[in-house]
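Worksheet: one structure, shown below.
The values are calculated or read from the model by the stated rules, or taken from the named source; none is laboratory data. All values derive from a computational prediction rather than experimental measurement. Every residue, glycine as well, gets a Cβ built from its backbone with ideal geometry; the counts of neighbours run over all protein chains shown.
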Amino acid sequence: MEIEDLLNADSILLDFKASSKKHVIQTLARKMATKTGLDDRLVFEKLLERERLGSTGVGKGVAIPHARVAGVDTITGMFAKLSSPVDFQSVDDRPVDLVFMLLAPEEAGADHLKALARVSRLLRDEKTCAKLRGTSDASALYAMLVGPVGAAA
């Protein structure tokens, strides 16, 4: 599974403004619901349900909120570069400024885990994250995520 299987150019949010973890999840849930044709409250509740199991703030300023949701046809993602970091109760207690949200069909067990692993490998690389943070153009961000940097992770 490649990053380009999860994202399209319209799935990149640059200079995303949010005041809290809940605000990030709520706003991205609304955008993902619009993208997938789902009810935004359902998406938000599923993401919060997953978040209650443990923070999806994986460290180094990165969060990967995710959930399996009835009605999702295929694993789909959205990437947001926050204008200001927010507290995400991350494993390293660092605030988050890069968020890659994933929604998967309820029955997508192994594929969901493969997508999470793929995104995690990509965003675990500090050089990649530094490049993403240093970019102020959405199309350049998309190219970085799906291009050679994203493909190598």
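Annotations
- Screening Leu42, Leu14, Leu38 for residues that are buried (at least 18 other Cβ atoms within 10 Å of the Cβ) and out of contact with any Asp or Glu (no Cβ under 6 Å at 6 or more places or on another chain) leaves exactly one candidate, Leu38.
- Applying the condition of being crowded, with 18+ Cβ neighbours inside 10 Å and farther than 13 Å from Gly71 by Cβ to segment 45-54 and asking which residue is nearest to the chain's Cα centre (by Cα) yields Leu47.
- Considering residues of segment 94-112 that are touching a strand residue (DSSP E or B) at 6+ places or on another chain (Cβ under 9 Å) and exposed (fewer than 14 other Cβ atoms within 10 Å of the Cβ) only, the residue modelled with the lowest pLDDT: Gly109
- Selection within segment 44-70 - farther than 22 Å from Asp87 by Cβ and aliphatic (A, V, I, L, M): Val69, Ala70
- Selection count where residues are in contact with a Leu (Cβ under 8 Å, 6 or more places away or on another chain) and not in a helix (DSSP H, G or I), scope segment 16-30: 3
So that you can scan it fast, the table gives a plain yes or no per residue for (1) under 21 Å from Thr27 (Cα atoms); (2) without any contact (Cβ under 8 Å) to a residue 40 or more places away in the chain; (3) not acidic (Asp, Glu):
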site: Ala70; (1), (2), (3): yes, yes, yes
site: Val99; (1), (2), (3): yes, no, yes
site: Ala117; (1), (2), (3): no, yes, yes
site: Lys131; (1), (2), (3): no, yes, yes
site: Met144; (1), (2), (3): no, yes, yes
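- Residues located in segment 84-93, provided they are more than 14 Å from Glu51 (Cα to Cα), surrounded by 13 or more Cβ atoms within 10 Å (Cβ to Cβ) and in contact (Cβ under 8 Å) with a residue 60 or more places away in the chain: Val86
- Of the helices (runs of 4 or more DSSP H) lying entirely inside segment 50-153, those containing at least 3 residues that are touching a His at 6+ places or on another chain (Cβ under 9 Å) and under 15 Å from Ile3 (Cβ atoms) span 109-124.
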